[in-house]
Amino acid sequence: MTERTVEAEILNADQRRRIDHWLAKYPDDEQGRASAIIPALHILQDDNGGWLERSHVAAAADYIGMPRASAFEVATFYSMFHLDEPVGRHKVNFCTNISCCLNGADELVAYAEEKLGIRLGETTPDGRITLVREEECLAACTRAPMMVVDGHYYTHLTRERIDEILDGLS
């Protein structure tokens, strides 16, 4: 199967249109086009239930015109991308860097694991929530401890606040 065939089989017209929107924002040279890989991966991940198959990454790279290896470097470096395995409808990341750790993040991670009956990296049996991972820093040190749920920051966490947030996820 040629690279062009993989791209044609994976990307639909709407996805190409949305990726083209992002490509138009960058210079039309190799480096500029490669800048669109992050939004392209977000588009494909969102359309695939919150995770990327390797064929998605390859198709995005082919469409943008960048080396596949470079696209895989992006997809595996950033924790916002979930590669190779389905994840829950809601993704939860806890910050455990120094400010959050000093403010009880480790205990709150353990509490969330106990509450949900899963460990970091796992998904609840109903597919509702994935405790993605501990993050080194989510840039909310003055409001520690904190977590990100589906891209939204929740700060000044307590057990009660975690209950409220997790129980509110449909």
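Every number in this text was worked out from the coordinates using simple rules, so none of it is lab data. Bear in mind that the values here come from a model prediction, so they are computed numbers and not experimental data. Every residue, glycine as well, gets a Cβ built from its backbone with ideal geometry; the counts of neighbours run over all protein chains shown.
Observations
- For region 3-77, the relative contact order works out to 36 percent when only alpha carbon pairs closer than 8 Å and six or more residues apart are counted.
- Working note: Debye formula, equal point scatterers on the alpha-carbon atoms of region 90-167, no solvent; log10 I(q)/I(0) at q = 0.15, 0.25 Å⁻¹ is -0.42, -1.22.
- Taking every DSSP bridge with both residues inside the chain, close to 50 percent are antiparallel.
- Hydrodynamic radius (Kirkwood) for region 59-108, which is based on Cα pairs only, to one decimal in Å: 13.6
- 9 Å beta-carbon shell around Trp51, net charge (K/R +1, D/E -1): -3
- A simple charge model with +1 on the Cβ of Lys and Arg, -1 on the Cβ of Asp and Glu and nothing else charged puts the dipole of region 76-120 at about 160 debye relative to its Cα centre.
- Charge tally in the Cβ shell below 12 Å around Ile118, where Lys, Arg are +1 and Asp, Glu are -1, Ile118 excluded: -1
- Charge tally for Arg143 (other residues, Cβ to Cβ under 15 Å; Lys, Arg +1; Asp, Glu -1): 0.
- Cα centre as origin, Lys/Arg/Asp/Glu Cβ charges: the chain dipole, Debye: 260
- Alpha carbon centroid spacing (whole Å) that separates region 59-113 from region 15-54: 18
- Percentage relative contact order, the chain, counting C-alpha pairs under 8 Å, at least six apart: 18
- Order of Thr124, Thr142 under a 10 Å beta carbon neighbour criterion, fewest first: Thr142, Thr124
- A Gaussian network model of the chain, with springs between Cα atoms under 10 Å, assigns the largest mean-square fluctuation among Ala40, Ala144, Ala24 to Ala24.
- For the chain, the calculated P(r), taken from all Cα-Cα distances in 5 Å bins from zero up to the bin holding the longest distance, is 1, 8, 17, 17, 15, 12, 11, 9, 6, 2, 0 percent.
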